[in-house]
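The structure appears right after this line, and notes come after that.
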Amino acid sequence: MGILNVTPDSFSDGGSWLDPGRAVAHGLALAAQGADMVDVGGESTRPGARRVPVQEELARVLPVVRGLAREGVLVSIDTMRAEVAEAALDAGARIVNDVSGGRADDRMAKTVARSGLPFVVMHWRGQSRAMDALAGYRDVVADVTAEVERQLDAVVSAGVDPAQVIVDPGLGFAKSRDDDWALLAALDAWHALGRPLLVGPSRKRFLGELLADPATGEPRPARERDDATTATAVLAAARGAWAVRVHEVRSAADAVRVEAAVRAHRPVADRWAPYRGG
Ligand code: PMM
């Protein structure tokens with residue numbers, strides 16, 4: 001899943017794609033580089049971000065959704081607002097990606113239910129401006145999967161078919177660096193929910209801190225975290241993730257295809273298993 005943030009203030013690509021023509025061209029480039037879908041968002045969710053007015057969000061995303069859908073790109077709309085989701089679906093989007101998993105707008109689940117289209121339910125504890133203060137888990141993997149299960153129950157009660165739902169651990173959303181690593185290390189736990197898994201590690205803080213400058217302790221700048229993002233994409237793919245949401249598509253798409261090719265040839269390796277030691 002290629003990321004297309006039509007915002008002035010997203011943490012790593014804010015301001016790059018505000019012009020609709022440039023945004024559509026970038027979305028087409030992401031598809032040409034191997035993205036199976038392009039996720040269009042008009043509101044930054046970086047920690048501390050303020051909400052944008054709904055009219056502003058609509059004005060940012062609709063021309064881009066329309067332009068990409070017209071070119072045959074599978075478009076996902078990244079929004080917490082039912083009104084934006086509905087308008088984007090009318091404009092040709094075919095997936096709703098809600099970082100709040102239906103919790104920020106109580107009309108969202110009904111809107112998605114009516115559409116019958118895929119719905120990304122991400123783990124979420126609250127709005128971006130307060131997000132960092134909401135971190136804190138007894139056992140992050142058990143707590144986050146249990147909370148997503150409750151979000152899943154809530155959207156299903158509102159009419160969403162469980163078969164529509166894709167789950168996402170929400171890396172970086174009300175999570176410490178160690179929480180993010182623990183969630184990545186335990187992606188297998190998500191299969192118990194029985195739903196496809198989306199993972200969004202791209203250029204996030206936990207990678208910047210891992211790659212911090214040893215002399216100054218400064219985190220690696222966001223735009224220099226793509227190789228590390230690609231590594232996490234491979235790990236997620238190897239653990240059976242359905243999709244990985246990334247800014248730099250070429251390397252991540254190549255990498256997950258390598259992983260898939262190796263997986264497809266595993267029966268060859270299995271023939272050698274009896275000869276292996278230990
Ligand atoms: N992360 C961001 C935005 N949208 N959607 C999903 N499903 N999962 C994520 O992890 C996620 C998301 C924040 O990153 P960005 O500002 O670089 O888009």
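List of remarks:
- Matching residues, the range 187-202, being within 16 Å of the ligand (Cβ to nearest atom) and open to solvent by 20 Å² or more (accessible area, probe 1.4 Å): L193, R195, P196
- Residue satisfying all of: in the range 88-102; open to solvent by 10 Å² or more (accessible area, probe 1.4 Å) and either out of contact with any strand residue (DSSP E or B) (no Cβ under 9 Å at 6 or more places or on another chain) or not in a loop (DSSP other than H, G, I, E, B) (or both); farthest from the ligand (Cβ to nearest atom) among these: D90
- Failed condition for I77, given (1) more than 14 Å from the ligand (Cβ to nearest atom); (2) at pLDDT 95 or above: (1)
- Among residues of the range 22-52 being at pLDDT below 95, more than 17 Å from D98 (Cβ to Cβ) and not charged (D, E, K, R), the one that is nearest to the chain's Cα centre (by Cα) is P47.
- Applying the condition of being of a type outside the set (S, T, N, Q) and open to solvent by less than 40 Å² (accessible area, probe 1.4 Å) to the range 1-12 and asking which residue is nearest to the ligand (Cβ to nearest atom) yields I3.
- Residues of the range 167-186 that are among the hydrophobic types (A, V, I, L, M, F, W, C) and more than 13 Å from the ligand (Cβ to nearest atom): W181, A182, A185, A186.
- Total residues in the range 110-157 satisfying the condition of being open to solvent by less than 30 Å² (accessible area, probe 1.4 Å), away from the ligand (no atom under 15 Å from the Cβ) and more than 30 Å from R205 (Cα to Cα): the figure is 2.
- Only one of the numbered conditions (1) under 21 Å from the mean Cα position of the chain (by Cα); (2) at pLDDT 95 or above is violated by T216, and that is (1).
- Test: L171 is among the hydrophobic types (A, V, I, L, M, F, W, C) and surrounded by 23 or more Cβ atoms within 10 Å (Cβ to Cβ): yes
- Conditions (1) of a type outside the set (F, W, Y); (2) over 24 Å from L4 (Cα atoms); (3) more than 16 Å from the ligand (Cβ to nearest atom); (4) open to solvent by 30 Å² or more (accessible area, probe 1.4 Å); number of the one not met by D227: (2)
- Positions within the range 137-173 being in contact (Cβ under 8 Å) with a residue 12 or more places away in the chain and assigned to a loop (DSSP other than H, G, I, E, B), in sequence order: Y137, A158, G159, V160, D161, P169, G170, L171, G172, F173
- Given (1) assigned to a helix (DSSP H, G or I); (2) away from the ligand (no atom under 13 Å from the Cβ); (3) in contact with a helix residue (DSSP H, G or I) (Cβ under 8 Å, 6 or more places away or on another chain), number of the condition R220 does not satisfy: (1)
- Hey, F119 among the aromatic types (F, W, Y) and out of contact with any Asp or Glu (no Cβ under 8 Å at 6 or more places or on another chain) or not: no
- Residue within the range 46-53 that is of a type in the set (G, A, S) and either free of Cβ contacts under 8 Å to residues at least 12 places away in the same chain or touching a Cys at 6+ places or on another chain (Cβ under 7 Å) (or both) present: no
- The listed residue being within 25 Å of M131 (Cα to Cα), small (G, A, S), out of contact with any Leu (no Cβ under 9 Å at 6 or more places or on another chain) and surrounded by fewer than 17 Cβ atoms within 10 Å (Cβ to Cβ), out of G21, G34, G15: G15
- Among the residues here, V54 does not qualify as among the hydrophobic types (A, V, I, L, M, F, W, C), on the phi < 0 side of the Ramachandran plot and crowded, with 24+ Cβ neighbours inside 10 Å.
The values are calculated or read from the model by the stated rules, or taken from the named source; none is laboratory data. All values derive from a computational prediction rather than experimental measurement. Positions of Cβ are generated from backbone atoms using ideal geometry, with glycine treated the same way; all protein chains shown enter the neighbour counts. In case anyone asks, the SASA skips ligands and DNA or RNA and just uses the protein heavy atoms, side chains included. Shrake-Rupley method; radii C 1.70, N 1.55, O 1.52, S 1.80 Å.
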